[in-house]
Amino acid sequence: MASQEIETLASALARLPGLGPRSARRAVLWLVKRRESALPALLEALATVGEALVECDTCGNVDTTSPCGICADPRRDGKGLCVVEDVADLWALDRAKLFTGKYHVLGGKLSALDGIRPEDLNIASLLSRVEEGGVDEVVLAMNATLEGQTTAHYLAERLEGFPVRITQLAHGLPVGGELDYLDEGTLAQALRARRPLG
Ligand SMILES: [Zn+2]
């Protein structure tokens, strides 16, 4: 039997996405063995991130500053705006270094089942960014799920009338697939093959 403290840590770690109770216990053992080398750095990183993380007021990305590093980067082309469901999708696309424009995070997708309505998502702020001008193209990079596509069609309707080209990710996304799980090659193909919606 492990001590209460160790059990508490293991069950906290087990709540992390991708970690079950078994891998959480292995992570705890790994940390115990390296409590002098790896643990202080991990504690410091957790504390720093816990204090410093903020949501970007402009795009909804999570960073240590608002506006975030992407929004504040003058090398980014503000003419292209890529709309994603979640921060994880933004990070996945940005890791692949394929898109040189800026992003907008909806914070979810429309879902009748979960009661997620348009006003629950960052849609009003998207429309005002487009309304401000300077955006030529809005890339709707929703997941290739039924709800993702419903959300894309809804956004395309709301963006009608603005002088912007509306495109959508195409070939490469597996049906039912989520951006965060795709390899960079698949993401690259999907971004290259984006097409006008409707
Ligand atoms: Zn931002």
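The values are calculated or read from the model by the stated rules, or taken from the named source; none is laboratory data. Everything numeric in this text was worked out from a predicted model, so none of it was measured. Neighbour counts are summed over all protein chains in view; Cβ atoms, including those assigned to glycine, are modelled from backbone coordinates with ideal geometry. Protein only, heavy atoms only, side chains kept; ligands, DNA and RNA dropped before computing areas. Shrake-Rupley method; radii C 1.70, N 1.55, O 1.52, S 1.80 Å.
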Open item on the list: Whether any residue in segment 22-44 is of a type outside the set (A, V, I, L, M), within 16 Å of the ligand (Cβ to nearest atom) and assigned to a helix (DSSP H, G or I) is what I want to check.
Closed with: no
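Pick from ASP114, ASP136, ASP120, ASP77: which is among the acidic types (Asp, Glu) and within 16 Å of the ligand (Cβ to nearest atom)? Outline the logic, then answer.
On the way: ASP114 fails: within 16 Å of the ligand (Cβ to nearest atom); ASP136 fails: within 16 Å of the ligand (Cβ to nearest atom); ASP120 fails: within 16 Å of the ligand (Cβ to nearest atom).
The unique qualifying residue is ASP77.
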TODO: Could you grab the pairs with beta carbons closer than 6 Å, sequence gap of 6+ or different chains, first residue in segment 46-75 and part of a strand (DSSP E or B), second one open to solvent by less than 50 Å² (accessible area, probe 1.4 Å) and more than 12 Å from the ligand (Cβ to nearest atom)?
DONE: none
Task: Hits in segment 186-195 (condition: among the aliphatic types (A, V, I, L, M) and either in a strand (DSSP E or B) or modelled with pLDDT of 80 or more (or both)) - done: LEU187, ALA188, ALA190, LEU191
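Considering only residues that are charged (D, E, K, R) and farther than 22 Å from LYS109 by Cβ, look in segment 38-62 and name the one that is most open to solvent (accessible area, probe 1.4 Å). Full working, then the answer.
Step one: list which residues in segment 38-62 are charged (D, E, K, R), which gives 44, 51, 55, 57.
Now restrict to residues that are farther than 22 Å from LYS109 by Cβ: 44, 51.
Values: GLU44: 128, GLU51: 157 Å².
Per the stated criteria, the residue is GLU51.
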- [ ] Enumerate the pairs (first residue in segment 105-116 and under 25 Å from ILE70 (Cβ atoms); second residue anywhere and among the hydroxyl-bearing types (Ser, Thr, Tyr) and open to solvent by 50 Å² or more (accessible area, probe 1.4 Å)) with beta-carbon separation below 8 Å, excluding pairs fewer than 6 apart on the same chain, so at least 6 apart or on different chains.
- [x] LYS109/THR150; LEU110/THR150; LEU110/TYR154
Task: Residues within segment 1-21 that are under 19 Å from LEU43 (Cα atoms) and either touching a residue at least 24 places away in the same chain (Cβ under 8 Å) or in a helix (DSSP H, G or I) (or both), tallied - done: 10
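Pick out, from segment 80-185, the strands (runs of 3 or more DSSP E) lying fully within it that include 2 or more residues that are surrounded by fewer than 21 Cβ atoms within 10 Å (Cβ to Cβ).
Working: elements: 101-105, 137-140, 165-168.
Correct list: 165-168.
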Task: Conditions (1) within 16 Å of the ligand (Cβ to nearest atom); (2) in contact with a helix residue (DSSP H, G or I) (Cβ under 7 Å, 6 or more places away or on another chain); number of the one not met by ALA72 - done: (2)
